[in-house]
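Reading through the structure tokens given below for one structure.
Derivation of every value follows stated rules applied to the coordinates shown; laboratory data play no part. Fair warning: this is a prediction, and the values are worked out from it, not measured in the lab. Neighbour counts run over all protein chains shown; Cβ positions are idealised from the backbone, glycine included.
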There are 2 protein chains.
Amino acid sequence: MNFCSHCGQPVRFAIPEGDDRPRFLCEACGTIHYQNPRIVAGTLPVSGSRILLCRRAISPRKGYWTLPAGFMENAETTLEAAARETREEAGAEVRLHGLYTLINLPHIDQVYMIFLADLEGGFEAGPESLEVALFEEHEIPWDELAFPTIERTLRHFFADRPGGDYPLHVSDITPEDRERYFGSA
Amino acid sequence: MNFCSHCGQPVRFAIPEGDDRPRFLCEACGTIHYQNPRIVAGTLPVSGSRILLCRRAISPRKGYWTLPAGFMENAETTLEAAARETREEAGAEVRLHGLYTLINLPHIDQVYMIFLADLEGGFEAGPESLEVALFEEHEIPWDELAFPTIERTLRHFFADRPGGDYPLHVSDITPEDRERYFGSA
């Protein structure tokens, strides 16, 4: 951020009076520009014994497999965002169950929220996917997954499935977890 | 948003090519300015049979009672944000348990995440609180609560407490729910 989005004058990065961390400040109009983490909402779509994955057609991690997920938009709920991303990336309708993984990525200012879901009907690759397919557990391409959040969600799922209970799992991804996927930054 | 925060030129509000909703676009430098919902993280601090509330010293809803909660910051986790807000508003340390309510407010682009917590040690009003106090269920000032998210979280808690089980509750706040607190917009 270089300029004030309200008045167009240059901003500076400093701690506002009464605050305890630096913000982008506009001294011309007095606006303080707060920046906050973004939610990535998605689903783990289940069809019988198989789960649905999408192969990414876009950067980052083009060509790697992911669960349908993306940035939540203004004016929607987390469940609407998860269902919309599933529709856009996998051409699939789902019946949403509970929130299944809540994963913090503080080093990139993201919070993942993946909902367990039942696939309803068919699917097809949307513009952001090269292909969409159903996988049995032994078919999961563990070495070709796009993000550590996806691997973690799938590992929870296959660990929970024998017991038939899918509680919410809350955890964090560290820069080291992420390095395995992206190399050192 | 009137000006591009990257290059300082005026922006326009239009649907980018390949997108399906309007964004603030800078035609000078090509930046698309995405806007996304914000997370409000907080706690429901429990001390024996009582729960902790803070009376707000700031707008909106100054003078009304709330659970300690506030906007999640970049570079922290949802749990860190909830604990920090509890420290800042109530001068209290807590031991966090699970995520207890996840409440979508799509009309104001917010997602509330309240964690159940045990109060550890004392408390005192921070700069954003007029006072902080512990309440038995029959003492809760239901008509003087600050936000519908707080009322809903407390109602879940007192409904769940007899059974001793506190599952995650996911729900939405509508503009009508909010009108009772803020009057018609």
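What the table below lists for this structure:
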quantity: Estimated dipole of segment B:26-82 in Debye, rounded to 20 [Cβ of Lys and Arg +1, of Asp and Glu -1, Cα centre]; calculated: 540
quantity: Per chain A, cysteines lacking a partner by the 4.7 Å Cβ criterion; calculated: A:Cys54
quantity: Ascending list, in nanometres, of distances separating the B:Thr174 label from those of the other copies (7 Å, Cα toward Cβ); calculated: 4.6
quantity: Length gained when the stretch A:Asn74-A:His107 is fully extended (0.36 nm per residue, less Cα-Cα span); calculated: 9.6 nm
quantity: Anisotropy class of the protein assembly as shown from Cα gyration tensor, a/c 1.5 cut; calculated: oblate
quantity: Relative contact order [Cα under 8 Å, 6+ residues apart], chain B, whole percent; calculated: 21
quantity: Residue among A:Glu128, A:Glu139, A:Glu85 with the largest mean-square fluctuation in a Gaussian network model of chain A, springs linking Cα atoms under 10 Å; calculated: A:Glu139
quantity: Cut-off under 5 Å, modelled amide H: who pairs with A:Leu44 long-range; calculated: A:Phe115, A:Leu116, A:Ala117
quantity: Inter-label distance for B:Glu139 and A:Glu93, nm, one decimal - labels placed 7 Å from Cα along Cα-to-Cβ; calculated: 5.2
quantity: Cβ-based net charge around B:Glu128, under 11 Å, with every Lys or Arg adding one and every Asp or Glu removing one; calculated: 0
quantity: Among A:Ala133, A:Ala75, A:Ala57, residue whose mean-square fluctuation peaks in a GNM of chain A (springs only between Cα atoms under 10 Å); calculated: A:Ala75
quantity: Set of segment A:68-91 residues, backbone N closer than 19 Å to the point 7 Å along the Cα-Cβ line of B:Thr174; calculated: A:75-81
quantity: Among B:Ile173, B:Gly42, B:Ala117 the positive-end extreme of the charge dipole of chain B (Cβ point charges); calculated: B:Ile173
quantity: Lys, Arg +1 and Asp, Glu -1 on Cβ, resulting dipole of segment B:38-182 about Cα centre, debye, nearest 20; calculated: 140
quantity: Helix A:148-160 vs. chain A, principal-axis angle (Cα, 0 to 90°, nearest 10); calculated: 40
quantity: Distances in nm from A:Glu131 to the matching label points in the other copies, shortest first (labels 7 Å along Cα to Cβ); calculated: 6.7
quantity: Charge context of A:His169, other residues only, Cβ under 14 angstrom, K/R +1, D/E -1; calculated: -1
quantity: Other copies of B:Phe71: label-to-label distances in nm, shortest first, labels 7 Å along the beta-carbon direction; calculated: 1.6
quantity: Residue with peak Gaussian network fluctuation, chain A [Cα springs, cutoff 10 Å], from A:Val11, A:Val132, A:Val94; calculated: A:Val11
quantity: Qualifying trypsin sites (Lys or Arg not before Pro) in segment B:24-64, DSSP loop, other Cβ atoms within 10 Å at most 10; calculated: none
